[in-house]
Amino acid sequence: MLLRVAVPRVGARNLLKRSLLATQQQQQQHPVRFVSTASATASSRCNEYTGSSNAAAMWMAAVAAATVASAAGAYTSCETAGPVNPSSAGHDDIAEDTVDPETMPVFTSADVSKNDGEDGRPIWMTYGGLVYDVTRFIPNHPGGSEKIMMAAGSAIEPYWYLYRQHFASDLPMRLMEKMIIGRLDEKDQAEIEAQMDQILEENDDPYAREPTRHAALKVHSDTPMNAEVPPGLLTKNYLTPASLFYIRHHHPVPYLTENDLMKYRLQIDLSEIGKGILEISLDDLKKMPKVEVTATLQCSGNRRGNFNEFNRTSGTSWGQGAVSTAKWGGVRLTDLLKLAGMDDPLEAQEKLGMEHVRFESLDGMSASIGVEKACNPYGDVIIAYEMNDEPLPRDHGFPVRTVVPGYAAVRNVKWVSKIKVAKTEAEGPWQRGLNYKTLPPSVTDASSVDLEKMPSMTEASLFSGITVAKRCHKKKIGGSKPQPGDTVMMKTSGWAWAGGGRNIVRVDVTGDGGKTWNVATIEKGGDQKFGRAWAWVFWTCHVPAIVGADGTVELSSKAVDLAFNSQPEKCDHAWNATSLHPRLTFLPRSTWEVA
């Protein structure tokens, strides 16, 4: 039984209060649309940047903190403590018994610091005046165990102060309540509070220079920014306007001054094959042969909200709008690698064991793809500096980003600073961590699986969605209003996309729960090259639908790709705790007014 502890979290409330005050200050100093509640550099390593006039260096100070933050930018909102089923976490079946705080043991910071996981010791952390034993939770941390271990034996306030997505819901705290073992000595908590005051006073808010975002975007969190396209705008344009392109960030958006841009060099590291490191400026990059690729990018957790209807999952509860399409302009990755000295990728792979191409970002993120995709002349992987014929916006990777068509968006690294050919895949939570591994439906405790043996996400799966559904005729024949059980004709439209370049060959739509299906007409995107269909298709369909008891109809779409894969009609066998690639048939309830 979970015992809810009625301990006033003075520290946590004070942090939030100061955050709100700092937000008001930042809004006055930096009038941007989305400003974070005050965040500050949390690592002592940032002190070396204090007072620096170099904006990039100051921004990297914030990233230094971000790199050691408990979530490492890969936080998801359902962190399973031991063998706790995420579907039950945060639900009302949790016991509401309270405990008198005076009966709880009191620990000092020195006591906590001794429990840092070394030599088999347990792992303790503190937050808001409470002490937590997180030992069993470590393997389940979505950001990777190595990241959360940076806070072992210490307070997590500095990290959560930067990554305020922990405050986006009550779930983190509800899960942590299972791990409470005592209280922190009041004097030690006061010292933590003083440290947080000092951090706020001495450091700039790393989110203060965030770009202005379109007001129509549906924001899930703003520090870091995660926002999706509303359904009504998703298929309004085949190429998504840059201002409406969905946003998925792990850290503050890099800010480069003109001087930083002049000094910017993209590194091509071939040191593992004995060719050294090539550095190329943005201007020189633009002098190379330019190619353009129209490709759809989609967050791996798009439509996670549908999975949550079945069982609670981890991560942002996206609708269907974490997907967008753009025309990307840039340089082929193969041309860059050849310029740096890798003339024969096959030889590098078979004789020298080079299996991966890594991408490192200015924000500290790293990811990689296999050399087969990276060097495939038909794979169309590019280093892009344009988006829809304009320079890349900051939110989408300025000055350059990787575009890996057909792959999960996490492999399309933004703000690229370094490309490296290597024997092994990239280090870090975005490549090797729990957050980008698809667990079996039966697994709710990551300690029971060997993540190293599970493949990282690469090619995307198969998806579709309904964005518009309207009744074709306002009145039923005969003049009476449609009643529950009646059939009405609906005009629907939406999108579909498959990873790996697999063309969408058909989209089926039903209005009677899957008893009958109607074939949609593909209106746009159906003429892409076979095996290189990197972008979505738009479709329309007239479908008879049965009126429900509440006067609404339920509509579902089901895509079929070139390999004749088809979306499943149920998600119970596809559900996974990290809720990656939710490709269940989309089941929105489309309401309409009875005439």
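Selection of first residues in region 447-473 that are open to solvent by 60 Å² or more (accessible area, probe 1.4 Å) and of second residues that are assigned to a helix (DSSP H, G or I) and modelled with pLDDT under 85, restricted to Cβ pairs under 7 Å at least 6 apart or on distinct chains, gives the following pairs, ordered by first then second residue: SER447/PRO139; SER447/ASN140. Only helices (runs of 4 or more DSSP H) whose full extent lies in region 174-284 are considered here, and the ones with at least 3 residues that are at pLDDT below 95 are 186-202.
Of the residues making up region 135-152, those that are in contact with a strand residue (DSSP E or B) (Cβ under 6 Å, 6 or more places away or on another chain) and open to solvent by less than 10 Å² (accessible area, probe 1.4 Å) number 1. If a residue must be part of a loop (DSSP other than H, G, I, E, B) and among the basic types (Lys, Arg), how many such residues does region 479-507 contain? So the answer is 2. Would you check if there is a residue in region 280-297 being over 29 Å from the mean Cα position of the chain (by Cα), within 19 Å of ARG332 (Cβ to Cβ) and of a type in the set (Val, Ile, Thr)? Yes.
Among the residues making up region 501-534, those that are within 21 Å of PRO405 (Cβ to Cβ) and of a type in the set (S, T, N, Q) are ASN503, GLN528. Looking at LEU439, LEU352, just one residue is at pLDDT 95 or above and in a loop (DSSP other than H, G, I, E, B), and that residue is LEU352. Against the list (1) touching a strand residue (DSSP E or B) at 6+ places or on another chain (Cβ under 7 Å); (2) open to solvent by 70 Å² or more (accessible area, probe 1.4 Å); (3) among the hydroxyl-bearing types (Ser, Thr, Tyr); (4) at pLDDT below 95, the condition THR521 fails is (4).
Note on region 159-193: residues that are within 19 Å of VAL219 (Cβ to Cβ) and basic (Lys, Arg) amount to 1. So for region 485-493 (the condition being of a type in the set (Lys, Arg) and touching a Lys or Arg at 6+ places or on another chain (Cβ under 8 Å)), does at least one residue qualify? Yes, region 485-493 has at least one match. Cβ-Cβ distances below 8 Å connect the following pairs, each with a first residue in region 196-213 that is surrounded by fewer than 17 Cβ atoms within 10 Å (Cβ to Cβ), a second residue that is assigned to a helix (DSSP H, G or I), and a separation of six or more residues or different chains: ASP197/ARG18. LEU217 meets the conditions (1) free of Cβ contacts under 8 Å to residues at least 40 places away in the same chain; (2) surrounded by fewer than 22 Cβ atoms within 10 Å (Cβ to Cβ); (3) under 27 Å from the mean Cα position of the chain (by Cα) in every case but one. The failed one is (2). The set of residues from region 285-297 being part of a loop (DSSP other than H, G, I, E, B) and of a type outside the set (D, E, K, R) comprises MET288, PRO289. Exactly one condition in (1) surrounded by fewer than 17 Cβ atoms within 10 Å (Cβ to Cβ); (2) farther than 27 Å from GLN431 by Cβ is not met by THR126; state its number. The number of the failed condition is (1).
If you go through region 400-420 and pick out every residue that is in contact with a Ser or Thr (Cβ under 9 Å, 6 or more places away or on another chain), part of a strand (DSSP E or B) and farther than 16 Å from ILE268 by Cβ, you end up with 1. Candidates ALA469, ALA460: the one that is at pLDDT 90 or above and more than 30 Å from ILE382 (Cβ to Cβ) is ALA469.
The values are calculated or read from the model by the stated rules, or taken from the named source; none is laboratory data. It should be emphasised that the depicted structure is a prediction, and the values quoted were computed from it without experimental measurement. With ideal geometry, Cβ positions are generated from the backbone for all residues, glycine too; neighbour counts draw on all protein chains shown. These area figures cover heavy atoms from the full protein model, side chains too; ligands, DNA and RNA do not enter into them. Shrake-Rupley method; radii C 1.70, N 1.55, O 1.52, S 1.80 Å.
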